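Remarks on the structure that follows.
The values are calculated or read from the model by the stated rules, or taken from the named source; none is laboratory data. If you're wondering where the values come from, they're calculated on a predicted model, not measured in any experiment. Note that each Cβ is placed from the backbone with ideal geometry, even for glycine, and that neighbours are counted across all protein chains shown. Quick note on the areas: whole protein, heavy atoms, side chains included, nothing else; ligands and nucleic acids left out. Shrake-Rupley method; radii C 1.70, N 1.55, O 1.52, S 1.80 Å.
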Amino acid sequence: MTVSSELIDDFGRRVSYVRISVTDRCDFRCVYCMSEEMTFLPRAQILTLEELGMVGRAFVEMGVEKVRLTGGEPLVRRDIGRLVEDIGGLPGLKDFAMTTNGASLVKQAQQLRDAGLKRLNISLDTLDGERFRQLTRTGDLARVLDGIRAAKAAGFERIKLNAVVLKGRNDDEVVDLVGFARTEGLDISFIEEMPLGDVSDHSRAETFCSSDEVQELIEQRYPLIPTTETTLGPSRYFRMGDSDSRVGFISPHSHNFCSTCNRVRVTVEGRLLLCLGNEHSVDLRAVLRRHPGDIDALKAAIVEALPLKPERHYFTTDGDVQVVRFMNMTGG
């Protein structure tokens, strides 16, 4: 059968970026991502590495230019290097990246780079060891810092830090985080917390910190120059006149980016999620297992799902949970 070579939704937006979650498990328990006591999926319910590889291939053959592997924490998935090699070698793929907490990069950074991974996003919300432990519940800041430096040594094209800013928890470190990025020669993006999953650690209404507030904090020390640069994702990038590091803002609340959304996500269970802020999805796992090895059947299911992509999400900042699934299920 013939399947369209481009993915265009009902609002004329071309899907050029897919985020694929490879696991719901993580060695951290970040307070904005999951509850302290989590029940993870049994192995039979998650996609195999071969199924994940076919998903990546299908999207790239249909014109997707960017693939990002996410979790949970992707580096806790056994044999993740095999999947990186499979996707990294796909013709037509322009940008291949991974989001990680960085704790396993000392051992795995070079292998990932050699396998074809081009860029890394590393989560880093604080430079204070005790605060890091509080925000991640289990993490060791020193391991992450060592992982960042191992990634630099491995020669990735670009490395970006991601910081979720929570008022009263780490907003006083915004300028220090920018300073760290500048010293290490890294980019950094600041992210507004998203209302996914019912967290018990804090009130989202009280901890919400807008990108505009974060930008004001930064500009007290480092004047920011707007740019039109993009990595095909939602970050709005700024430059600083005396540094090669870029500062980005991901603002699902305050600067809605839905009109230019070029992204879809595949969850660890194989659900094609058309919008991070909605529950619209299609079960690709069922297609993969009903038609093993049939990439045309998979492509047809993806095309048929596109009308489910909504025009926009409707996040609020009042603390309400708009979507019940936690971030570790979605992959960001």
Using a cut-off of 12 Å between beta-carbons, work out the net charge of the residues near V266 (Lys and Arg +1, Asp and Glu -1, V266 not included).
-> +3
Between Q220 and D176, the two model label points (7 Å from Cα along the beta-carbon direction) sit apart by a distance in nm of 1.4 nm
Accessible area in square angstrom per residue, the chain, 1.4 angstrom probe = 41 Å²
re segment 89-144: pairs of Cα atoms spaced beyond 16 Å account for a percent value of 50 percent
Could you please state, rounded to a whole Å, how far the C-alpha centre of segment 59-86 is from the C-alpha centre of segment 89-138?
-> 13 Å
Across segment 104-119, in residue order, what do the Karplus-derived ³J(HN,Hα) couplings come to in whole Hz, using 6.51 cos²θ - 1.76 cosθ + 1.60 with θ = phi - 60° and x for Gly and Pro?
-> 10, 6, 4, 8, 10, 4, 5, 4, 5, 5, 5, 7, x, 5, 9, 9
Counting only DSSP beta bridges with both partners in the chain, the antiparallel fraction in percent, to the nearest 5, comes to 30 percent
Express in nm, to one decimal, how much length is gained between T183 and E311 on full extension, taking 0.36 nm for each residue of separation and deducting their alpha carbon distance.
-> 42.1 nm
For K152, the aspartates and glutamates lying under 17 Å Cα to Cα, once residues fewer than eight places off in the same chain are dropped, come out as D114, E184, D187, D244
Pop out the ³J(HN,Hα) list for segment 43-52 in order, Karplus 6.51 cos²θ - 1.76 cosθ + 1.60 with θ = phi - 60°, rounded to Hz; leave Gly and Pro as x.
-> 4, 5, 8, 9, 5, 6, 4, 5, 5, 4
Could you rank the peptides 269-276, 45-52 by their average count of other C-beta atoms within 10 Å per residue, with the highest value first?
-> 269-276, 45-52
Given labels modelled 7 Å from the Cα in the Cβ direction, how far is it in nm from E229 to E304?
-> 4.3 nm
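So what are segment 109-249's ellipsoid semi-axes, whole angstrom, largest first, if each one is the square root of 5 times an eigenvalue of the alpha-carbon gyration tensor?
Numbers: eigenvalues 109, 81, 42 Å².
Square roots of five times the eigenvalues give 23, 20, 14 Å.
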Net charge (Lys, Arg +1; Asp, Glu -1) of residues whose beta-carbon lies under 13 Å from that of R143, R143 excluded, is -1
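Okay, helix-only estimate at 222 nm for the chain: each DSSP H run of n ≥ 4 adds -39500 (n - 2.57), divide by all residues, round to 500 deg cm²/dmol; what do you get?
Details: 11 runs with 101 residues, N = 332.
Here the helix-only value at 222 nm equals -8500 deg cm²/dmol.
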J(HN,Hα) series, segment 263-268, from Karplus relation 6.51 cos²θ - 1.76 cosθ + 1.60, nearest Hz, glycine and proline x = 10, 9, 10, 10, 6, 4
Let me have the relative contact order for segment 71-172, percent, based on Cα pairs under 8 Å that are six or more residues apart.
-> 30 percent
Whose amide H sits under 5 Å from the amide H of V266, counting only residues 5 or more places off or on another chain, with H placed in the peptide plane?
-> R19, I20, S21, L273
Run the quick spin-label model on D244 and D128: label points 7 Å from Cα toward the beta carbon, then report their separation in nm to one decimal.
-> 3.2 nm
Cysteines in the chain that, by Cβ-Cβ distance, have no pairing candidate under 4.7 Å | C26, C209, C258, C261, C275
The summed charge of the D125 Cβ neighbourhood (under 9 Å; Lys/Arg +1, Asp/Glu -1) stands at +1
Both in Å, the radius of gyration and Dmax of the C-alpha trace of segment 1-121 are 15.3, 47
quick shape note, the chain: Cα extents on principal axes in Å, largest first -> 58, 42, 41
For K167, enumerate residues with amide H under 5 Å from its amide H, sequence gap 5+ or separate chain, H modeled in the peptide plane.
-> F208, C209
Taking every eigenvalue of the Cα gyration tensor of segment 70-175, multiplying by 5 and rooting it, what semi-axes result, largest first, whole Å?
-> 27, 14, 12
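Give me the percent of accessible area attributable to carbon and sulfur for the chain, probe 1.4 angstrom.
Carbon-and-sulfur percentage of accessible area, whole number: 47.
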Counting only residues 5 or more apart in sequence or on a different chain, those whose built amide H sits under 5 Å from that of G139 are R29
Name the residues of segment 78-121 whose amide N is less than 16 Å from a point 7 angstrom out from the Cα of A153 along the C-beta direction?
-> 103-114
Among all the lysines, which ones have a C-alpha under 27 Å from K299's C-alpha, if same-chain residues fewer than 8 places away are not counted?
-> K66, K94, K118, K309
